[in-house]
Amino acid sequence: MTSYDYQLFVIGGGSGGVRAARIASGLGARVAIAENFRYGGTCVIRGCVPKKLLVYAAHFAEDFVDAQGFGWTVPPREFSWPALIAAKDKEITRLSGLYENNLVGSKVTVMHGAASVVDAHTVALNGQHISAEHILIATGGTPFVPQIPGIEHAITSNEVFDLPQLPRRVLIVGGGYIAVEFAGILNGLGAQVTLCYRGEQVLRGFDDDVRAHLSEEMVKKGIAVLLHQDVARIDKRTDGSLSVALTGAQASNHAVDAVLYATGRVPNTESLGLAEAGVVLDQAGGVVVNAFGQSSVPSIHAVGDVTNRIALTPVAIREGAALATTLFGPSPVSADLTTVPSAVFSQPPIGTVGLTEAQALAKHGEIDIYRSKFRNMRHTLSGRDERTLVKLIVDSASQRVLGAHMVGADAAEIIQGLAIAIRMGATKADFDATVALHPSAAEEFVTLREKTTRKKSD
């Protein structure tokens, strides 16, 4: 019988890799993990967690103004970007240390450095070769930037968290969730924000009503949204500012202090030696795996964003747990990802689960649509012109709820509960029979009555 240094060697100390390592160790396996930056991965270090902290910070700008409608006298507001970043850094350092300590506490051997795959059972790290029965690739993704003239002057979501000062004028390139989230953050903190996207509407892949509603609300908040436009080049001026030339529907030039590229992410597989080891990668560089996380090389596995599938932290965690159980538990387990809720922490935020209207129509042929737009109770006194959207998509034949979508305050918190009901197969009658929680925005989901029926032939 072949003897290995470890039964599982994990490359990547993010959410998926850490979960797999801890569970595998708990199941009795000898496990090691290597990370070349900081433990915690994209989510903790420069993704979900710091972004959400900045979202909270940005909301205070409107909260101070809205408070006046409720009788509060608010003194002149002052904001310090360096103070916010310092507080964020302190929390991220705490969380990163917690991730590493939890691994040690789970009896996982923790290593630092850039690991790569030598062959089916060998990893190279810091000039040494380490053998493993199984190798797990959990290196996540990295921002994609196109090679245009002057791209070296742009930043991505990796760098924006560490800027020494808040840029006064920012151009954000892209129309996905990262783009709209940072548009809301930077606008709320006081920057003049322009969002440029080459498509017809922001948030491609989301429900069309959600996309249109968020775009309208962003414009209300003072964000300039330029559609059907892209960046041709970026030039640096003598005063340190940037001149950006746009092409598309209306060619134009913009003077800004920062250009933030949020044009998607790609699997982080470069320099890992995967192709040389025989691992099949897709066109984007993602590791191709089966339902159990196994690659084309039986002893090499992958979970999370590096597989180029659903790029969400809870998905990576679920996949990591399933893989560890499959390899070292009593029987194989695949991650059930049939109904995955998601949130966009834009301003206002989005919560969504299940099918979009277009997806449901294509799959089921005939659907019932229930939607409502309303003014949140908070804004009856604040005076703010912000509307909330809620939407249910129902299969006409079975009356099963296929999708729920919301744009408005607390959308993510509300959708998490609805995700349970939709995963369990709740019908519109089940929603109707549920007593409303009043007064709340959430109650709209159980009081929707007016429907629009759509057929595939429409």
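The values are calculated or read from the model by the stated rules, or taken from the named source; none is laboratory data. Since we're looking at a predicted model, the values are computed, not measured. Every residue, glycine as well, gets a Cβ built from its backbone with ideal geometry; the counts of neighbours run over all protein chains shown. Heavy atoms of the whole protein, side chains included, go into the accessibility calculation; ligands, DNA and RNA do not. Shrake-Rupley method; radii C 1.70, N 1.55, O 1.52, S 1.80 Å.
At a glance:
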item	result
Residues located in the stretch 101-124, provided they are surrounded by 16 or more Cβ atoms within 10 Å (Cβ to Cβ) and closer than 19 Å to Gly28 by Cα	Leu103, Ser106, Val108, Thr109, Val110
Of the criteria (1) small (Gly, Ala, Ser); (2) closer than 25 Å to His405 by Cα; (3) in a strand (DSSP E or B), which one Ser243 fails	(2)
Those strands (runs of 3 or more DSSP E) lying entirely in the stretch 85-186 with at least 1 residues within 18 Å of the chain's Cα centre (by Cα)	141-143, 169-173
Matching residues, the stretch 191-240, being hydrophobic (A, V, I, L, M, F, W, C) and either open to solvent by 20 Å² or more (accessible area, probe 1.4 Å) or part of a loop (DSSP other than H, G, I, E, B) (or both)	Ala191, Val202, Leu203, Phe206, Ala212, Val219, Ile223, Ala224, Val225, Leu226, Leu227, Ala232
Test for Val49: is it touching a residue at least 60 places away in the same chain (Cβ under 8 Å), outside any loop (DSSP other than H, G, I, E, B), on the phi < 0 side of the Ramachandran plot and open to solvent by 20 Å² or more (accessible area, probe 1.4 Å)	no
Per-region count, the stretch 247-262, residues open to solvent by less than 50 Å² (accessible area, probe 1.4 Å) and in a loop (DSSP other than H, G, I, E, B)	1
Flag for Gly150 being of a type outside the set (A, V, I, L, M, F, W, C) and open to solvent by less than 30 Å² (accessible area, probe 1.4 Å)	yes
So Glu443, is it in contact (Cβ under 8 Å) with a residue 60 or more places away in the chain, among the acidic types (Asp, Glu) and out of contact with any Cys (no Cβ under 7 Å at 6 or more places or on another chain)	no
Residue in the stretch 393-406 that is surrounded by fewer than 20 Cβ atoms within 10 Å (Cβ to Cβ) and touching a residue at least 60 places away in the same chain (Cβ under 8 Å) present	no
Where a residue in the stretch 113-126 is on the phi > 0 side of the Ramachandran plot and its partner, wherever it lies, is outside any loop (DSSP other than H, G, I, E, B), with Cβ under 9 Å and at least six apart	Gly113/Ala34; Gly113/Glu35; Gly113/Leu125; Asn126/Ala34; Asn126/Met111; Asn126/His112
Filter result for the condition that a residue is hydroxyl-bearing (Ser, Thr, Tyr), surrounded by 15 or more Cβ atoms within 10 Å (Cβ to Cβ) and on the phi < 0 side of the Ramachandran plot, over Thr42, Thr73	Thr42
Hey, Leu389 surrounded by fewer than 18 Cβ atoms within 10 Å (Cβ to Cβ) and within 30 Å of Phe60 (Cα to Cα) or not	no
Sole exception among (1) without any contact (Cβ under 8 Å) to a residue 60 or more places away in the chain; (2) in a loop (DSSP other than H, G, I, E, B) for Gly28, by number	(1)
